[in-house]
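The values are calculated or read from the model by the stated rules, or taken from the named source; none is laboratory data. Please read all numbers here as calculations on a predicted model, not as lab measurements. As a convention, Cβ positions derive from the backbone with ideal geometry for all residues, glycine included, and neighbour counts pool all protein chains shown.
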Amino acid sequence: MNSIHEIAGNCLRLRLVAPPDAAFIHALRTDPAYNAHLSPVTGTVADQQAWITAYKAREAAGQEFYYIIERQDGVPCGTVRLYGITQDSFTWGSWILNADKPSGAALESALLSFSVGFEGLGLSRADIDVRRDNARAISFYRRFGMTETGADSENLYFELTGARFAALSASLREQLEA
């Protein structure tokens, strides 16, 4: 584990979001190619920058960690967020990867970000919600080894325990190496 502030893998690195990332995040979240399964976004880049500034206080308090996913050459290709952090759990979400992502980015970004929650923060459970019509994400979560814990009219809910992640992470990392 590198650190909670920045973690690097083979092809990607995660670094904490900063106000200058507002334009990238706003463009990503308002792009119809990537936002079909997200909460609607309204506002401007300036609004996104103000949100990031307010978020930095939650980050400093250890309540939330929002990352820019970058290729090793520094080109941003997505976001992921750990939020709703409690004494033993976190919610994993805001996961978006764009067309600039390298091969294997989904698996590597998930491994890196879950490592932050389980290894870096020492938490024991991750909660994930996904829109029912997001078939690609649902398939990924099931292949990743997450357990479905419930559903409502809009979402399916999954959980990944730290113990399950520890048991799976070595084989998942080997998949990235292959």
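Of all the listed residues (Trp51, Trp95), the sole one being in contact with a helix residue (DSSP H, G or I) (Cβ under 9 Å, 6 or more places away or on another chain) and outside any strand (DSSP E or B) is Trp51. In this structure, does Glu64 turn out to be under 21 Å from Arg143 (Cα atoms), surrounded by 18 or more Cβ atoms within 10 Å (Cβ to Cβ), within 12 Å of the chain's Cα centre (by Cα) and not hydroxyl-bearing (Ser, Thr, Tyr)? No: the conditions fail for Glu64. Of all the listed residues (Ser113, Ser139, Ser171, Ser124), the sole one being surrounded by fewer than 19 Cβ atoms within 10 Å (Cβ to Cβ), hydroxyl-bearing (Ser, Thr, Tyr) and either at pLDDT 95 or above or within 26 Å of His5 (Cβ to Cβ) (or both) is Ser124. Select from the range 143-166 the residues that are within 27 Å of Ser103 (Cβ to Cβ), in contact (Cβ under 8 Å) with a residue 12 or more places away in the chain and in a helix (DSSP H, G or I) and list them in ascending order. Matches in the range 143-166: Phe144, Arg164, Phe165, Ala166. Each residue in the range 123-137 was checked for being more than 14 Å from Trp92 (Cα to Cα) and either touching a Ser or Thr at 6+ places or on another chain (Cβ under 7 Å) or free of Cβ contacts under 8 Å to residues at least 40 places away in the same chain (or both), and 3 pass.
In contact (Cβ under 8 Å) with a residue 24 or more places away in the chain and within 29 Å of Glu177 (Cα to Cα): does that describe Gln72? When the stated conditions are applied, Gln72 passes them. Does Ile52 satisfy the criteria of being β-branched (Val, Ile, Thr), in contact with a strand residue (DSSP E or B) (Cβ under 9 Å, 6 or more places away or on another chain), surrounded by 14 or more Cβ atoms within 10 Å (Cβ to Cβ) and under 30 Å from Ala167 (Cβ atoms)? Taking the combined requirement at face value, the residue does not satisfy it.
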